[in-house]
1. Which residues, counting only those in segment 167-218, are among the hydroxyl-bearing types (Ser, Thr, Tyr) and not in a helix (DSSP H, G or I)?
2. Could you check how many residues of segment 234-269 are over 25 Å from Pro172 (Cα atoms), assigned to a strand (DSSP E or B) and among the aliphatic types (A, V, I, L, M)?
3. Tell me yes or no: at least one residue of segment 141-152 is among the aromatic types (Phe, Trp, Tyr), more than 19 Å from Leu234 (Cβ to Cβ) and not in a loop (DSSP other than H, G, I, E, B).
4. What's the number of the condition Thr200 fails, among (1) over 22 Å from the mean Cα position of the chain (by Cα); (2) over 30 Å from Glu110 (Cβ atoms)?
5. Looking only at segment 195-202, decide whether some residue is modelled with pLDDT under 90, outside the structural domain of Glu230 (by TED's automatic domain parsing) and touching a Lys or Arg at 6+ places or on another chain (Cβ under 8 Å).
6. Pairs needed: first member in segment 259-272, touching a residue at least 12 places away in the same chain (Cβ under 8 Å) and closer than 16 Å to Asp233 by Cβ; second member anywhere, surrounded by fewer than 22 Cβ atoms within 10 Å (Cβ to Cβ) and of a type in the set (Asp, Glu); C-beta distance under 6 Å; at least 6 residues apart or different chains.
7. Please list, ordered by first then second residue, the pairs with beta carbon atoms under 7 Å, 6 or more apart or interchain, first in segment 152-172 and outside the structural domain of Gly295 (by TED's automatic domain parsing), second basic (Lys, Arg) and surrounded by fewer than 18 Cβ atoms within 10 Å (Cβ to Cβ).
8. Restricting attention to segment 175-228, and to residues there that are over 23 Å from His162 (Cβ atoms) and of a type in the set (A, V, I, L, M), which single residue is surrounded by the fewest Cβ atoms within 10 Å (Cβ to Cβ)?
Amino acid sequence: MGVVWLVVPGAVLGAAAVGLGSVGVVRHRWLLLPASLAGSSAALLLVTSWLLADPGVAKADALKTGGLAGGAILALYALWINDRRRKTEEARQEIEQQRAQLDRDRVSDERFAKAIELLGHAADQVRVGALHALAGLARSRPTYTQTVLDVLCSYLRRPFHHPSYKTRADNPHRAARASGTPQEAEALAAADLEQEVRQTAQRLIAGLLPSRDDTSPTLYDLDLSAATLEYLDLTGRQLGALTARRARLYGITRLSGVRVTGPALFTDATFHGRTELRNAVLDGGLSLLGAEFGGEWELRGALVRTFADLRTAPPSQQLGAFLVETDTDRLRLGDHQGWATVRQPDPDEDEPETPS
């Protein structure tokens, strides 16, 4: 009975700790502090009284052990406080990061909008600067890369004709430059400036595409339908789909070593000069339906998978031939049998559908 005076207040404090803790967890977190103090005191009294009931335990040891029990409860409260602070700090940092990301997105959107606006500027150097600004944005923010490529391709789809295309479509840079009237000279100078802008756009497109040596690339699509292209050079690049229907390609078109995982569609395109496809791999198929050729084609090592639509007269000069790796019904030659070497795929291999 000598320790009853400790048990009763300990039990009361313990009940109070439980009640305050329950309310604190559900509604008012500030009640957790008095609940912890009450629980610590209850642990001190109850543990001490329990040990004092044993005649073999010294009073000092019982009081010391009770103090440790009470201190443990306060330590748990301190740990909870630290955890709350940590979570609060992490939430604050996350909010700051989100705000910083929003600021970066806003700045990027403003840069993009400004560059798009400057593409319509009358001065060629301003347009070149806008193209470089778009390419820089794509490099710093990869999420913009496909959009920037779409814009650059759209610029190349703008109507354009250089006087040299009439005299040397196969190699415009070597076309003779007649003096002509002052008006003709002025028109030629303006065409020269726009020609430089467009070739800058082509170089930037190639620079944004991953190299074929990249083992885990992000693949992008190019839509150059009805575009006017001059000395297009995608050597050693890889991309998703390449669409160039009705495109007009002047000078040397360099596609050696290119890898296209999607369809490569040159339907009704016109190749005015030499075309290089050495070691190109067209995994998604190739369409040259209705295309026209005005120069030599380098085809050694070129591989076409999935489908090949070659229903058009082949170039008069071919170095090598397409190696077509597909089912016979996916190789469409029409009356032009001089195009390809056919190799049947593994019969167990599933063939994807031919795109329309």
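The values are calculated or read from the model by the stated rules, or taken from the named source; none is laboratory data. From a predicted model like this one, the values you see are computed outputs, not experimental measurements. Cβ coordinates were reconstructed from backbone atoms using ideal geometry, including for glycine residues, and neighbour counts include every protein chain displayed.
1. The answer is Ser179, Thr181, Ser211, Thr215, Ser216, Thr218.
2. 3
3. Yes, segment 141-152 contains a residue that is among the aromatic types (Phe, Trp, Tyr), more than 19 Å from Leu234 (Cβ to Cβ) and not in a loop (DSSP other than H, G, I, E, B).
4. Unmet for Thr200, out of (1) over 22 Å from the mean Cα position of the chain (by Cα); (2) over 30 Å from Glu110 (Cβ atoms): (2).
5. Within segment 195-202, none of the residues are modelled with pLDDT under 90, outside the structural domain of Glu230 (by TED's automatic domain parsing) and touching a Lys or Arg at 6+ places or on another chain (Cβ under 8 Å).
6. His272/Asp170
7. Final answer for the pair search is Arg168/Arg174.
8. Restricting to residues being over 23 Å from His162 (Cβ atoms) and of a type in the set (A, V, I, L, M), the top hit is Leu219.
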